[in-house]
Every structure is written in C-alpha cells, then in structure tokens.
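Here's the structure, in structure tokens; my notes come after.
The values are calculated or read from the model by the stated rules, or taken from the named source; none is laboratory data. Everything numeric here is computed off the predicted structure, so don't read it as measured data. Backbone-built Cβ (ideal geometry, glycine too); neighbour counts: all protein chains shown.
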Amino acid sequence: MQSNSLVEADRRHLIHPVAAYRAHEQRGATVLTSGKGMYLTDAAGNELLDAFAGLWCVNIGYGQESVVAAATEQMRRLPYATGYFSFASEPTIRLAEKLAELSPPGLDRVYFTLGGSDAIDSAIRFITHFYNVTGRPTKKQMIALDKGYHGSSSTGAGLTGLPVFHRAFDLPRAWQHHIPAPYPYRSPVGDDPQAIIDHSVAQLRAKVEALGAENVAAFFAEPVQGSAGVIVPPRGWLRAIRETCRELDILFVADEVITGFGRTGPMFACEAEQVSPDLMTIAKGLTAGYAPMGAVLMSEAVYAGIADGADPTTPIGHGGTYSGHPVSAAVGLEVLSLYLQGGILANGQARVPELAAGLDALRDHPLVGDVRQAGMLGGLELVSDKLRKTRFAPGLGIADRLSQAAYKRKLIFRAFGDGTIGLAPALSCNADEMSILLDRLRATLDDVLDQREVR
Ligand code: PMP
C-alpha cells in the first residue's frame, strides 16, 4: 500500500535526473528502501546486488557505521560553517590538506563543490578568470572528447560529448569543441595501441592549430571515459595527451570524478602514468555518496595567477553557501580513512583479477562484442553481430531489456543506450559477492539472448 502510494506520488511530483519523463511515469519508480554492504532492498522486498555502487560512487558499500558516526558527530557539533568572510571549519581544512597530500604532485589547492557538475563548472570559471587576469584574455576555447561526460551544468554540459546533453539545450557553446575519443574497439586506425595514441594526439594538435593556440584555454578528459560506456584508452594515452597540452601551452584538466579514489587501481588514475594535470575534478568516491561533495584541485601556478590577478584585494566572485560543507567534509575524512587504514582500496585490488577472469569468460558469449576493464571498472559492449560489430537497432530498446532482465536476476548494473553494460562494484566487495555478481551477469545476458526480438 505504502509503496503504491509512493510510486503514485513519484509519478505526479518528482522530476528525475537524466530520465525520459513520460516513459518513467509509465514504468513507475523502483523505490529503494535500505542498503547493506553490496545489497540494496527495494519496496517490493527484493534484495538486489548493486554492481554499480549506486552511480559509480558508493565505493565503500552501504551501511558503514563509522561514516554515519562521523556525520552525526559533526552535525551535532557544528552542522554548518560558511567559508565566506575567512571562516572555515576543521574537517574542511583537514580534508583539503589530505587531498593535497594524496593527489598527484603539484595539486595543492582545493576548492570544494557539491558534486562533479559544479566541479567542472568551477574549473571552467577558474580557467576563464585565470587567463583574463594573467594577460591572455584571448584564451577562451575549450576542447574535450566525444562521448566524454563532464556533468550537466549549464556550460559544463557543453564539454560533455553525449548528444542527449546537448540536444534542445543549445549546446555546445561556440567556444566548446570536441575531438574523437581514443576508442580501441572502434578505432579508425586499428587496434595498435601506439597508433591510437598517435592518432589522438594528432587530432588534439590539429584542433588547437585550427583554433590557434593563442585562443585555446584547456583540454578536458576523463582518464577512462565512464559514461561513454567505460572506454579505456591505451596505456600511455593520458601521458601523451598531458605532454601535448604542455607543449601547446593549454591547461590540462583531468576529470577524475569516476576514476578517483582507487576505482581504477591507484588513488587517482593519473598516478598510473605519472601525470600531474593542471586542474583535477573529483566527486563521487570522495564521500562514497554518503554526502554530496566534489572538488577542483589546482596547481600552484593556476592558483597564484588567480590570487595575484587584476586586483589581489578584490574578492574572486566564485563560491557557494555549501562550498566545503563541514558534514560532507567529515564524511570525506572518514571515507578516506576507510579506503586507506580500513583496507578498502586494497580489498578492491584483490577483486580486480576475479573481475577480469569473469569478464574474460564472457568474451565468447554471442552478445559480447568487446570487454573492457580498468581496475574495478568494467564494460561489456554488446552487439547484434560480433563479426561486423553491429549495434542494436535503436527501436529494440536494448538498454531497458538489459536493466529489466538484470532486475529479475536481482542485479543492478548500468545499461547504456547503445547496449554497453557498465560495472563498478564497491571496492569493499568480497570474493563471494564478486562470484555471485558474475553469475548473475551471465544469466542476465543469457536471458536477453533468449528474447526472440534480440536473437
Ligand atoms: N564528470 C564525470 C567524469 C562524471 O562521471 C560525472 C557524473 N557521472 C560528472 C562529472 C558529474 O558529476 P555529478 O553527477 O556529481 O554532478
């Protein structure tokens, strides 16, 4: 009864993020009621294995009591402190200090946001401000990758390279540009890693040359393109791109909103290639989704350019009521402690070979075209014809079919519109849970293959 009235109220009042509103109203919400470890319970009483960590964020699993305690304690002591007027709170300062210590060398300045979209939006504002006050006001053009995701803020969504975030939103803006993604499975230059890297670097150079380096401010990229369907560039790509940006005198922004906090192995994906970006955006794993928070980290050079800009005594007009919220910061500190002292990052690493073996075993499945993995991030690109790498007809609704089949098997993953499955299990996952996850994944693929329309 309770659940029916909730579904009805949802239908009437709640506007969902990134949803087809009318299709959602027809389907009705799946109301989630509680979570413990890797499992979510819904209002119908189903216990669902969450192979997607909420939305690539609940890296510590559900129900971690020490995080609840840290939030409760901070709420009781000081639920809010503004960062305006030179006020600050202890957890916010401590978290900034900790992030400076854990992040790639040189990123010692931290600006807190509420999530990833406003981290990207803040990065855009900081970069614009930086060039304006350091005497290079023509540097306004920004470049990102096709299929990249950089959030849905009013300008950041233009750097996102996914059509649904542009269509009917008048995006991208004239100063926002894209180059093709380094996408090994569908690369026009074949699957040789170095050829893919060289091709991508050449495309960035060509774009900057076409725009004029004196007009280009920055290049934004995810080390692994999550929302593109977990596209993993060849090893060496990130470093080559970073070096190219330096050479072309444009800022490199690494968007580690998904890849940060051990998701691909090291604390940040940039570390795997000894890359220090000029700016880095983070969110999700920072608080493991237990409280909203993101951040922009920046180099001393960018910070100093802004700080010593036009008039060093005038406020830089960027900030929000909740920048550096003390409860989110207290949550972030406890989550970092669980990753490191609590061994959750190391635990996640122990699952990587198991995930790899499980995905590898699916290569022969008739639906699986490509298998991709970076640490505890997994992607399966499904196709209707393996030999020709043919995508499913759009009218087939492959993503809905996959999500519904998974739900029947009591599994949650991300099904992208093109038929790619994204996996991002919590790093706290144990070996039994990983094994159940992989069994349910295979069963789901078999169920979908059995559908007459798909076959
Ligand atoms: N950047 C990346 C790489 C992301 O994956 C996301 C969210 N999926 C964002 C930015 C936006 O973050 P948020 O949803 O917290 O605004």
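Restricting to region 268-283, and then to whatever is out of contact with any Pro (no Cβ under 9 Å at 6 or more places or on another chain) and among the hydrophobic types (A, V, I, L, M, F, W, C), can you tell me which residue is nearest to the ligand (Cβ to nearest atom)?
For region 268-283, the residue satisfying everything is Ile282.
Can you confirm whether Leu380 is buried (at least 17 other Cβ atoms within 10 Å of the Cβ), outside any helix (DSSP H, G or I) and out of contact with any helix residue (DSSP H, G or I) (no Cβ under 6 Å at 6 or more places or on another chain)? Break it down into steps so the answer makes sense when it comes.
Working: buried (at least 17 other Cβ atoms within 10 Å of the Cβ): yes; outside any helix (DSSP H, G or I): yes; out of contact with any helix residue (DSSP H, G or I) (no Cβ under 6 Å at 6 or more places or on another chain): yes.
Spelling it out, Leu380 is indeed buried (at least 17 other Cβ atoms within 10 Å of the Cβ), outside any helix (DSSP H, G or I) and out of contact with any helix residue (DSSP H, G or I) (no Cβ under 6 Å at 6 or more places or on another chain).
Quick one: count up the residues across region 270-287 that are over 12 Å from the mean Cα position of the chain (by Cα), buried (at least 23 other Cβ atoms within 10 Å of the Cβ) and farther than 28 Å from Pro137 by Cα.
Final tally of qualifying residues: 2.
Looking only at residues in region 421-455 that are in a helix (DSSP H, G or I) and touching a helix residue (DSSP H, G or I) at 6+ places or on another chain (Cβ under 6 Å), which one is surrounded by the fewest Cβ atoms within 10 Å (Cβ to Cβ)? It would help to see each step written out before you state the result.
Taking region 421-455 and keeping what is in a helix (DSSP H, G or I), we get 431-449.
The next check asks that each one be touching a helix residue (DSSP H, G or I) at 6+ places or on another chain (Cβ under 6 Å); those that pass are 434, 438, 444, 447-448.
Values: Met434: 22, Leu438: 20, Thr444: 24, Asp447: 17, Val448: 21.
Taking the candidates together, the pick is Asp447.
Please identify the pairs in which a residue from region 263-281 that is in the same structural domain as Phe126 (by TED's automatic domain parsing) and of a type in the set (Ser, Thr, Tyr) has its Cβ atom under 6 Å from the Cβ atom of a residue that is away from the ligand (no atom under 13 Å from the Cβ) and in a loop (DSSP other than H, G, I, E, B), counting only partners at least 6 apart or on another chain.
Thr264/Gly375; Ser276/Pro104; Ser276/Pro105; Ser276/Gly106
Exactly one condition in (1) within 17 Å of Ala218 (Cβ to Cβ); (2) within 16 Å of the ligand (Cβ to nearest atom); (3) in a helix (DSSP H, G or I); (4) of a type in the set (A, V, I, L, M) is false for Met142; which is it?
Result: Met142 fails condition (3) only.
Which residue, of Glu222, Glu209, Glu247, Glu214, is of a type in the set (Asp, Glu), under 18 Å from Gly161 (Cα atoms) and either modelled with pLDDT of 95 or more or within 16 Å of the ligand (Cβ to nearest atom) (or both)?
One residue alone meets the criteria, Glu222.
Please find, within region 151-204, the residue that is surrounded by the most Cβ atoms within 10 Å (Cβ to Cβ) out of those that are among the polar types (S, T, N, Q) and in contact with a Phe, Trp or Tyr (Cβ under 8 Å, 6 or more places away or on another chain).
Thr160
Need pairs with beta-carbon distance below 7 Å; first residue over 20 Å from Val7 (Cβ atoms) and within region 37-57, second basic (Lys, Arg) and within 16 Å of the ligand (Cβ to nearest atom); sequence gap 6+ or separate chains.
Listed pairs, sorted by first residue: Phe52/Arg414; Trp56/Lys284; Cys57/Lys284.
Say whether the condition of being more than 13 Å from Trp237 (Cβ to Cβ) and among the polar types (S, T, N, Q) is met by at least one residue in region 175-195.
Scanning region 175-195, I find at least one residue that is more than 13 Å from Trp237 (Cβ to Cβ) and among the polar types (S, T, N, Q), so the answer is yes.
Report yes if some residue within region 16-25 is more than 30 Å from Tyr303 (Cα to Cα), within 16 Å of the ligand (Cβ to nearest atom), touching a strand residue (DSSP E or B) at 6+ places or on another chain (Cβ under 9 Å) and not assigned by TED's automatic domain parsing to the domain that holds Gly158; otherwise report no.
No, that holds for no residue.
Can you tell me which condition Tyr111 does not meet? The list is (1) in a helix (DSSP H, G or I); (2) of a type in the set (Phe, Trp, Tyr); (3) within 16 Å of the ligand (Cβ to nearest atom), and all the others hold.
Evaluating Tyr111 over (1) in a helix (DSSP H, G or I); (2) of a type in the set (Phe, Trp, Tyr); (3) within 16 Å of the ligand (Cβ to nearest atom) leaves (1) as the failure.
Search region 227-249 for residues being assigned to a loop (DSSP other than H, G, I, E, B) and touching a Phe, Trp or Tyr at 6+ places or on another chain (Cβ under 6 Å), and hand back the single one that is farthest from Gly158 (Cα to Cα).
Looking at residues that are assigned to a loop (DSSP other than H, G, I, E, B) and touching a Phe, Trp or Tyr at 6+ places or on another chain (Cβ under 6 Å), I get Gly229.
Could you tell me which of the residues Ala71, Ala81, Ala100, Ala88 is part of a helix (DSSP H, G or I), more than 16 Å from the ligand (Cβ to nearest atom), of a type in the set (Gly, Ala, Ser) and farther than 23 Å from Ala426 by Cα?
It is Ala100.
Scan region 420-446 and report the pairs whose first residue is more than 20 Å from Lys284 (Cβ to Cβ) and whose second residue is among the acidic types (Asp, Glu), with Cβ atoms within less than 6 Å and a gap of 6+ or a chain change.
Met434/Glu354
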